[in-house]
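The values are calculated or read from the model by the stated rules, or taken from the named source; none is laboratory data. Everything numeric in this text was worked out from a predicted model, so none of it was measured. Glycine also receives a Cβ, built like all others from the backbone with ideal geometry; neighbour counts cover every protein chain displayed.
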Amino acid sequence: MLNEKPSLKSSAIALLYLLPMLVISITFHIYPIISSFAMSLYTKYDFYTDKVGGLGFDNFVYLWNDPDFHLAVKNTLIFVIAVVPITVILSLVIALLLNQIKFLSGFFRTIYFLPFVTSTIAIAMVWNWIYHSDYGLMNYFLGWFGIHPIHWLTDPNYSLLALIIMSIWKNLGFNIILFLVGINNIDDGYYKAAEIDGANAFQRFWNVTLPLLSPITFLVSINGVIGSFKVFDEIFALFQGTPGPGKADLTIVYYLYQKFYTEYKYPVAAASGVVLFFLILLVTLVQLWYSRKHVHY
Amino acid sequence: MAKTISKILLYVIVILGALTMLIPFLWMISTSLKTAPETIKVPPIWIPKQLQWGNYVAAWHAAPFGRYFINSVVVTTLSTAGTLFTSILAAFAFARLKFWGKNILFVIFLGTMMIPGEMLIIPNFVTLSHLGQIDKYGALILPWLASFFTVFTLRQTFQSTPDQIYYAAKIDGASDWKYLWTVLVPMSKSTITAVTVLQVIGSWNSFMWPLIVTNSESMRTLPVGLQAFTTDAGTQYQLLMAASTFVIIPMVILYIFLQKYIIAGISKAGLKG
């Protein structure tokens with residue numbers, strides 16, 4: 001029974017089990033992937049009649065010449081480069097500290113993880129209030145250190161930073177959980193061996209913990225990069241339906257949303273989605289290439 | 001001595017970090033219980049003189065939050081139940097049944113997980129408007145009735161149940177269908193709970209898609225309704241914070257009760273996926 005080959009009958013039965021999932025997936029996941037690559041090449045598209053004038057790279061030329069798209073790519077890259085490394089390092093440090101603690105450790109884990117389960121929209125409203133330049137908590141705390149009030153949400157020089165701080169705060173918990181699982185999976189024997197060899201706490205961390213955690217670190221960074229490239233909800237709620245002051249928080253997905261939803265330029269929006277896909281793919285491949293040299297499985 | 005100091009330092013850092021995580025929530029609840037003049041006191045006050053529970057009633061009635069709440073419950077329940085149903089069946093086929101093209105199909109679906117979901121929005125919007133489902137529950141639910149991530153996670157669990165149980169059930173004359181629902185599903189309870197909770201959280205909090213496919217007030221889900229409410233509430237932060245609180249609370253309660261499943265689910269999905 002184990003090495004039975006698939007037959008017409010067994011394939012037909014399996015198809016019945018797969019059918020509900022296949023119908024939904026093909027309609028709403030597979031077909032749209034093909035369709036959005038195709039749509040990115042449409043020229044003179046009319047949504048109402050679904051008529052396509054022709055095919056070409058006009059939409060990509062449009063993006064190439066649109067200063068807004070350049071800004072969106074730039075902001076997205078700054079966001080990713082700021083959020084991912086800081087989140088990875090902070091969550092690793094917190095996970096290591098939490099792992100040292102016995103008293104109330106479950107309680108602390110619950111708290112650190114809380115932002116993950118909360119609605120981004122609701123919590124971004126709270127951050128909008130925290131960033132209020134006159135009555136917000138942020139400026140109040142900064143005032144203790146003699147820092148003058150900052151117009152977090154209305155000054156283009158600070159609004160991307162405001163978004164970055166909130167996003168790091170929101171993402172920490174998820175990564176801490178993954179790191180904690182990784183730390184618990186490390187065999188105690190390695191530490192005992194290192195101790196016998198006379199390794200101090202820092203050497204144990206550097207030569208045992210860090211290399212053995214490298215697969216998790218890799219996973220957390222890939223997750224972080226993919227998630228950060230797609231930032232949207234946070235911006236929409238923090239800046240109340242605008243891409244920040246002077247478009248300082250315009251990102252690729254926000255650009256896609258504007259072209260699609262407010263300007264009805266579907267093919268341009270689809271093209272920006274294709275660019276997003278290739279950017280994510282490129283960065284993921286670079287990470288994979290790097291991990292082959294530095295990740296120890 | 002050095003050990004005690006480092007232990008104390010450790011706790012100080014962990015507590016400071018936990019406070020940073022908690023302060024936005026505390027600030028939200030504190031503001032939600034203030035009078036309007038209290039919200040703009042400098043320096044800020046943490047505990048209002050009199051707790052203004054009435055803000056919650058006022059916020060709830062200031063916009064059709066009851067309706068938003070019902071919409072969110074309907075959309076979350078149906079899309080989670082639907083995803084579970086389609087995923088359990090598909091995961092069983094991938095884990096246990098023999099069929100042509102199994103590996104190719106599996107790889108194709110793995111590949112689709114690489115595609116950013118935002119790319120699917122435009123074609124799906126077009127499809128659903130041709131189906132006449134925009135601004136209806138159909139648009140909010142249909143695209144979310146299948147999730148390959150869930151199929152993938154369940155398949156792992158189904159594969160790890162011993163073959164003997166399957167063959168024993170077969171010898172006892174149980175059909176595949178009966179084996180799946182009476183043996184395999186109950187045995188995989190903890191994984192199923194984990195993926196269910198993750199689905200519920202994702203669905204409850206989702207924003208971009210419901211924002212795009214709803215036009216009328218009566219079809220909005222809670223996050224979309226809350227976002228719209230900010231335009232109406234303007235600077236009445238006590239009402240905004242009360243509204244944010246009741247959007248957040250259901251998931252926090254769910255989280256506190258089902259924490260161990262959520263964490264198990266994330267580590268399973270994260271580490272194997």
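Worth a mention:
- Pair list, Cβ under 6 Å, 6 or more apart: region B:97-108 residue within 11 Å of chain A (Cβ to nearest Cβ) and farther than 20 Å from residue B:167 by Cβ, other residue part of a helix (DSSP H, G or I) and modelled with pLDDT of 90 or more: B:100/A:11
- Test: residue in region A:271-289 that is within 9 Å of chain B (Cβ to nearest Cβ), surrounded by 23 or more Cβ atoms within 10 Å (Cβ to Cβ), assigned to a helix (DSSP H, G or I) and without any contact (Cβ under 8 Å) to a residue 24 or more places away in the chain: no
- Search result, residues across region B:155-188 that are among the polar types (S, T, N, Q) and free of Cβ contacts under 8 Å to residues at least 12 places away in the same chain: B:160, B:164, B:175, B:182
- Leading residue by the ranking (farthest from the other protein chains (Cβ to nearest Cβ)) among those in region A:234-270 that are assigned to a helix (DSSP H, G or I) and without any contact (Cβ under 8 Å) to a residue 12 or more places away in the chain: A:262
- Extreme residue, modelled with the lowest pLDDT, among residues of region A:17-76 that are of a type in the set (A, V, I, L, M) and assigned to a strand (DSSP E or B): A:52
- In summary, helices (runs of 4 or more DSSP H) completely within region B:1-62 and bearing 3 or more residues that are touching a helix residue (DSSP H, G or I) at 6+ places or on another chain (Cβ under 7 Å) occur at B:2-32, B:54-62.
- Beta carbons closer than 8 Å, at least 6 apart along the sequence or on distinct chains, pair a first residue in region A:163-191 that is touching a residue at least 60 places away in the same chain (Cβ under 8 Å) with a second that is assigned to a helix (DSSP H, G or I) and among the charged types (D, E, K, R) for A:163/A:234; A:166/A:234; A:167/A:234; A:170/A:234; A:176/A:109; A:177/A:109; A:180/A:109.
- In the set (1) surrounded by fewer than 18 Cβ atoms within 10 Å (Cβ to Cβ); (2) among the basic types (Lys, Arg); (3) within 13 Å of chain B (Cβ to nearest Cβ), residue A:74 fails one condition alone, (3).
- Within the span defined as region B:252-262, every residue fails to be more than 8 Å from chain A (Cβ to nearest Cβ), on the phi > 0 side of the Ramachandran plot and without any contact (Cβ under 8 Å) to a residue 12 or more places away in the chain.
- Criterion: within 7 Å of another protein chain (Cβ to nearest Cβ) and over 18 Å from residue B:89 (Cα atoms) - qualifying residue of A:24, A:33: A:33
- With respect to the conditions (1) touching a helix residue (DSSP H, G or I) at 6+ places or on another chain (Cβ under 7 Å); (2) under 22 Å from residue B:213 (Cβ atoms), residue A:246 lacks only one, and its number is (2).
- Subset of region A:192-210 [more than 30 Å from residue B:19 (Cα to Cα), touching a residue at least 12 places away in the same chain (Cβ under 8 Å) and either not in a helix (DSSP H, G or I) or not small (Gly, Ala, Ser) (or both)]: A:207, A:208
- From the list A:181, A:220, A:231, the one residue that fits, being in a loop (DSSP other than H, G, I, E, B) and either within 11 Å of chain B (Cβ to nearest Cβ) or of a type in the set (S, T, N, Q) (or both), is A:231.
- Yes/no for residue A:99 being touching a Ser or Thr at 6+ places or on another chain (Cβ under 7 Å) and polar (S, T, N, Q): no
- When we screen A:218, A:205 for residues that are assigned by TED's automatic domain parsing to the domain that holds residue A:71, more than 22 Å from the chain's Cα centre (by Cα) and either of a type in the set (Ser, Thr, Tyr) or closer than 22 Å to residue A:92 by Cα (or both), the only hit is A:205.
- Count of region A:97-109 residues which are touching a residue at least 12 places away in the same chain (Cβ under 8 Å) and more than 10 Å from every other protein chain (Cβ to nearest Cβ): 1
Matching residues to (1) modelled with pLDDT of 95 or more; (2) in contact with a helix residue (DSSP H, G or I) (Cβ under 6 Å, 6 or more places away or on another chain); (3) crowded, with 16+ Cβ neighbours inside 10 Å:
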site: A:168; (1), (2), (3): yes, yes, yes
site: A:186; (1), (2), (3): no, yes, no
site: A:193; (1), (2), (3): no, no, no
site: A:211; (1), (2), (3): no, no, no
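- Single residue of region A:17-55 satisfying the filter (aliphatic (A, V, I, L, M) and surrounded by fewer than 14 Cβ atoms within 10 Å (Cβ to Cβ)) that is nearest to the chain's Cα centre (by Cα): A:34
- Residue A:50, sole failed condition from (1) of a type outside the set (Val, Ile, Thr); (2) under 30 Å from residue B:9 (Cα atoms); (3) not assigned by TED's automatic domain parsing to the domain that holds residue A:163: (2)
- Only residues that are more than 9 Å from chain B (Cβ to nearest Cβ), of a type outside the set (Gly, Ala, Ser) and part of a loop (DSSP other than H, G, I, E, B) were counted across region A:124-152, and they come to 8.
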